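The block underneath contains the structure these notes are about, expressed in structure tokens.
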Amino acid sequence: MNWIDALREVSVIERAGADVEVGGVEYDSRRVRPGAAFVAMHGGTTDGNRYIDAAIAQGAAAIVTDSAEVYAKLRREHPEMAAAQVEHGRRALAELSAAVLGHPERKLAVSAVTGTNGKTTTAYLLEQMLRSVGRKCVLIGTIETHVGDEVRGSPHTTPEASDVLKIFADGVAAGATEAVMEMSSHALDQERVWGIPVDVAIFTNLTQDHLDYHGTMEAYAAAKMRMFEGVGTSPPRVAVINADDPYCRHMRQAFQGSELFTYGIDQAEALYRASQVRHTPEGTQFNFDTPSDNVPIRSPLHGRVNVSNLLAAMCAAQACGLTLEEIVAATPRLAPVPGRFQVVVGSAQAGFTVVVDYAHTDDALRNLIALARELVRERGGRVITLFGCGGDRDRTKRPRMGRAAGEGSDLVVLTSDNPRSEEPMAIIEEALAGVRETGTKCIVEPDRAAAIDLAIRAARAGDIVSIAGKGHEKVQILRDRTVPFDDVVVAEDVLKEFQ
């Protein structure tokens with residue numbers, strides 16, 4: 001695309017240099033190819049302006065910078081180079097990428113999910129419902145990215161805008177008409193989703209997490225609210241909001257669109273409700289009460305939290321145009337999400353159940369343990385919970401996670417979970433304070449593999465062992481290195497000895 005034409009869609013302070021053809025947009029100098037535009041911007045951990053020379057050496061045809069000083073230096077040292085100075089680097093990255101890629105975001109109906117817990121499951125369920133009626137989709141989420149039938153890895157819950165738009169462009173080329181994506185609070189606050197027009201916005205819940213970044217719950221909620229206001233776009237057409245959550249009113253106040261769906265299990269005021277909820281070994285059954293009808297739902301997913309996630313996905317599916325009949329037909333065939341109450345192969349033969357779950361907040365731990373308790377109640381089993389707390393993250397949630405684990409479990413195994421730059425035992429001591437308040441027996445084992453082995457060997461017939469915190473993750477992040485680590489694989493290896 002012609003450089004000057006592309007810049008017409010970018011808020012530019014000043015531009016200079018040659019008019020060139022731009023074949024792509026990058027923010028990482030290592031990915032620059034000849035003919036690309038490089039957007040140098042201040043980020044949370046680094047400053048892209050430090051890598052302009054590297055981008056030029058890689059063949060960049062144009063440079064965009066959010067630094068007046070760097071722009072002036074660039075004009076002195078490379079007077080012929082196409083260059084532009086902008087106020088907001090991330091906004092420019094989004095605007096320039098959209099223009100160069102031909103605005104793929106305008107060719108997809110985008111549904112976006114935000115919330116502390118349930119984003120991944122809700123997004124997966126909605127994508128499956130859309131696919132069940134023959135719609136081709138893009139999915140961008142924590143675990144993986146889908147472009148039609150192609151499955152890709154997901155390094156971030158919500159990538160930078162240029163990466164999102166490239167995925168959208170690939171989806172459009174593959175015939176996709178819908179996109180479902182998770183929008184994290186970090187991405188909303190940092191405007192990594194600038195200019196993405198959300199059609200259906202979904203809010204699952206808000207519980208304490210990420211306060212190491214946001215500082216307060218008010219700031220955390222404000223970041224989530226941005227999705228309902230529109231980030232560089234008009235507000236979403238439809239909002240789907242969890243009426244059971246105390247922050248429901250914040251999202252409702254932020255929403256300026258035309259149609260509101262509220263859902264809930266407890267709230268009689270919700271427009272869409274689950275009633276007569278029944279939990280079985282095969283999954284969950286309930287009545288889906290809507291303003292126009294009441295239909296029975298059968299789902300292979302377990303637990304109250306998944307009833308809420310399913311309600312969110314069903315409301316969003318209806319907002320996307322699916323009929324109640326199509327929703328009812330889809331729900332029995334919905335596949336569970338990897339790392340979300342994932343039953344480990346081989347545990348049934350051992351006479352007890354081992355599950356792996358991503359629960360990494362006190363609220364998510366309570367939900368996980370409540371589900372485990374419900375499933376063992378009839379067989380008289382115990383709940384054994386293994387968990388740890390991540391390093392370099394909100395320290396205030398550590399004793400609360402310990403308290404949540406101790407209050408609901410018969411045995412707690414406290415271990416390490418991505419300690420990063422912190423000492424594992426220092427993290428464990430902070431979580432242990434919460435467990436001690438409950439009086440529940442707790443075994444401390446900082447080696448996660450050894451802890452998983454210990455927890456499984458402590459199980460008896462009828463018990464459930466919940467391995468919490470990492471879910472789908474395939475690595476353990478230590479101070480000086482990142483090593484391969486998969487809770488599911490480690491648990492499977494231990495269980496082989498029981499077969």
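The values are calculated or read from the model by the stated rules, or taken from the named source; none is laboratory data. No experiment lies behind these values; they were computed from the predicted model shown. Note: ideal-geometry Cβ built from the backbone for every residue, glycine included; neighbour counts use all protein chains shown. Note: areas computed on protein heavy atoms with side chains; ligands, DNA, RNA excluded. Shrake-Rupley method; radii C 1.70, N 1.55, O 1.52, S 1.80 Å.
Output the residues belonging to region 117-164 that are in contact with a helix residue (DSSP H, G or I) (Cβ under 6 Å, 6 or more places away or on another chain), part of a helix (DSSP H, G or I) and crowded, with 18+ Cβ neighbours inside 10 Å. Thr121, Thr122, Leu125, Leu126, Met129, Ala161, Ser162 - these are the residues of region 117-164 that are in contact with a helix residue (DSSP H, G or I) (Cβ under 6 Å, 6 or more places away or on another chain), part of a helix (DSSP H, G or I) and crowded, with 18+ Cβ neighbours inside 10 Å. Apart from one condition, Val345 fits all of (1) open to solvent by 10 Å² or more (accessible area, probe 1.4 Å); (2) within 30 Å of Phe203 (Cα to Cα); (3) touching a residue at least 12 places away in the same chain (Cβ under 8 Å); the exception is (2). Checking the condition part of a loop (DSSP other than H, G, I, E, B) and crowded, with 17+ Cβ neighbours inside 10 Å, which residue from Thr385, Thr440 passes? None of the others qualify; the one that does is Thr440. For residues in region 421-437 being open to solvent by 50 Å² or more (accessible area, probe 1.4 Å) and not hydrophobic (A, V, I, L, M, F, W, C), which is farthest from Leu375 (Cα to Cα)? Restricting to residues being open to solvent by 50 Å² or more (accessible area, probe 1.4 Å) and not hydrophobic (A, V, I, L, M, F, W, C), the top hit is Ser421.
For (1) part of a loop (DSSP other than H, G, I, E, B); (2) among the charged types (D, E, K, R); (3) under 24 Å from Leu206 (Cα atoms); (4) under 20 Å from the mean Cα position of the chain (by Cα), each residue gets a yes or a no:
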position: Leu365; (1), (2), (3), (4): no, no, yes, yes
position: Ala372; (1), (2), (3), (4): no, no, yes, no
position: Glu378; (1), (2), (3), (4): yes, yes, no, no
position: Glu429; (1), (2), (3), (4): no, yes, no, no
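Applying the condition of being under 15 Å from Glu9 (Cα atoms) and in a helix (DSSP H, G or I) to region 97-116 and asking which residue is nearest to the chain's Cα centre (by Cα) yields Glu105.
Given the condition more than 16 Å from Cys315 (Cα to Cα) and crowded, with 23+ Cβ neighbours inside 10 Å, answer yes or no: does some residue in region 204-216 qualify?
So the first thing to find is which residues in region 204-216 are more than 16 Å from Cys315 (Cα to Cα), and the list is 206-216.
When the remaining residues are screened for being crowded, with 23+ Cβ neighbours inside 10 Å, the result is 206.
Yes, region 204-216 contains a residue that is more than 16 Å from Cys315 (Cα to Cα) and crowded, with 23+ Cβ neighbours inside 10 Å.
Cβ-Cβ contacts under 7 Å between residues 6 or more apart (or on different chains), taken from a first residue in region 207-225 that is under 17 Å from Pro246 (Cβ atoms) to a second residue that is modelled with pLDDT of 90 or more and open to solvent by 40 Å² or more (accessible area, probe 1.4 Å), are listed as Leu211/Thr396; Ala221/Tyr247; Ala221/His250; Ala223/Asp189; Met225/His250. Of all residues in region 459-489, those being surrounded by 17 or more Cβ atoms within 10 Å (Cβ to Cβ) and over 24 Å from the mean Cα position of the chain (by Cα) number 4. If the condition is being surrounded by fewer than 20 Cβ atoms within 10 Å (Cβ to Cβ) and closer than 19 Å to Trp3 by Cβ, then region 100-109 contributes Leu101, Gly102, His103. Contact map, region 61-79: residues that are charged (D, E, K, R) paired with residues that are assigned to a helix (DSSP H, G or I), Cβ distance under 8 Å, separation 6+ or inter-chain. Pairs shown: Asp66/Asn49; Asp66/Gly89; Asp66/Ala92.
Give the residue that is modelled with the highest pLDDT, with candidates limited to residues of region 388-402 that are under 11 Å from Asp209 (Cβ atoms) and in a loop (DSSP other than H, G, I, E, B). I'd like the intermediate steps shown before the answer.
We begin by selecting, within region 388-402, every residue under 11 Å from Asp209 (Cβ atoms); these are 390, 393-394, 396-397, 400-401.
After this cut, where a residue has to be in a loop (DSSP other than H, G, I, E, B) as well, the list is 390, 393-394, 396.
Numbers: Gly390: 95, Arg393: 90, Asp394: 89, Thr396: 92.
So, considering only residues that are under 11 Å from Asp209 (Cβ atoms) and in a loop (DSSP other than H, G, I, E, B), the one modelled with the highest pLDDT is Gly390.
Quick one: in region 235-263, of everything that is of a type in the set (Ser, Thr, Tyr) and assigned to a strand (DSSP E or B), which residue is surrounded by the fewest Cβ atoms within 10 Å (Cβ to Cβ)? Checking each candidate, the answer is Thr262. Could you go through region 165-173 and let me know if any residue there is part of a helix (DSSP H, G or I) and over 17 Å from Lys107 (Cβ atoms). No: zero hits.
Among the residues of region 264-288, which ones are part of a strand (DSSP E or B) and open to solvent by 20 Å² or more (accessible area, probe 1.4 Å)?
Within region 264-288, the first condition is being part of a strand (DSSP E or B), and the residues that meet it are 264, 272-280, 283-288.
Listed by number, the residues that qualify are Tyr272, Arg273, Ser275, Gln276, Val277, Arg278, His279, Thr280, Gln285, Asn287.
If you go through region 318-358 and keep only what is in contact with a strand residue (DSSP E or B) (Cβ under 9 Å, 6 or more places away or on another chain), modelled with pLDDT of 95 or more and assigned to a helix (DSSP H, G or I), you end up with Gln318, Ala319, Leu324, Glu325, Ile327, Val328, Thr331, Pro332.
Could you grab me the full set of residues in region 68-90 that are open to solvent by 20 Å² or more (accessible area, probe 1.4 Å) and either under 17 Å from Val22 (Cα atoms) or of a type outside the set (Lys, Arg) (or both)?
Of region 68-90, the ones open to solvent by 20 Å² or more (accessible area, probe 1.4 Å) are 68-70, 72-73, 75-81, 85, 87-88, 90.
Ala68, Glu69, Val70, Ala72, Glu77, His78, Pro79, Glu80, Met81, Gln85, Glu87, His88 - these are the residues of region 68-90 that are open to solvent by 20 Å² or more (accessible area, probe 1.4 Å) and either under 17 Å from Val22 (Cα atoms) or of a type outside the set (Lys, Arg) (or both).
Taken together, the residues in region 22-43 that are open to solvent by 30 Å² or more (accessible area, probe 1.4 Å) and in contact with a helix residue (DSSP H, G or I) (Cβ under 7 Å, 6 or more places away or on another chain) amount to 2.
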